[in-house]
1. Restricting everything to alpha-carbon atoms, can you work out Rg to Rh for the range 59-139 with a Kirkwood hydrodynamic radius?
2. Given the peptides 38-45, 81-88, arrange them by the average over their residues of other C-beta atoms within 10 Å, most packed first.
3. Treat each spin label as a single point 7 Å out from the Cα along the C-beta direction, and report the Val118 to Arg31 distance in nm.
4. Can you give the FRET efficiency to the nearest 0.05 for Phe98 and Glu54, using r as the Cβ-Cβ distance and R₀ = 25 Å?
5. Compute the Cα gyration tensor for the range 31-70, then decide on rounded, prolate or oblate, letting a ≥ b ≥ c be the square roots of its eigenvalues: rounded whenever a/c is under 1.5, prolate when a/b is larger than b/c in the other cases, and oblate in all that remain.
Amino acid sequence: MKKYFLLFTLVAMTSTLCLAQGYTPGGNRSRGHIQVVGDVAVAQLVKRHIELNERVRTIPGYRIQVASLSGTSSKNRAFDMKERIHMNYPGVEAYVVFDEPNFKVKVGDFRTRLEAYVFLQHIRGEFPGTIIRDNIYPTQINWDEMVPESEDDI
């Protein structure tokens, strides 16, 4: 009895697999047609998402917040601090951001937290209380100035 049950199960599975694969007796295979039926609103949302990603060109990165200033003359102090950073650390970009009611001074466009941490160690003595912040900033990378650091990077 077990033999017949096993044989019946094998025959049923084989015929089911053949039908699922589109097998037709005689070796003729026909090409199938797939039609995806979906809501138009989903297609519009996907299209809108793609358009938004093409317009907004940003990359994740890190900046070091050097100061958060408030009160009278905080704007002037923030821009003075920005100038001091430009003079003491040429090649490093500094930003003044107004986040009501504070003027925040941020430094750098670092791709990794490790890069930001290394620079933080250089400026920590001059600017106590600095912290690393996650940011998303626009891509303004000049690819012509990118030079590999070693032969292994090529």
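1. Numbers: Rg = 12.1 Å, Rh = 12.8 Å.
Answer for the range 59-139: 0.95.
2. With the highest mean Cβ count within 10 Å placed first, the list reads 81-88, 38-45.
3. With each label point 7 Å from Cα toward Cβ, the separation is 5.5 nm.
4. Between Phe98 and Glu54 the formula returns 0.30.
5. The shape class here is prolate.
Here, each number is a calculation from the coordinates, and none is a lab measurement. Since this is a predicted model, take the numbers as computed values, not measurements. Cβ: placed from backbone, ideal geometry, glycine included. Neighbour counts: every protein chain shown.
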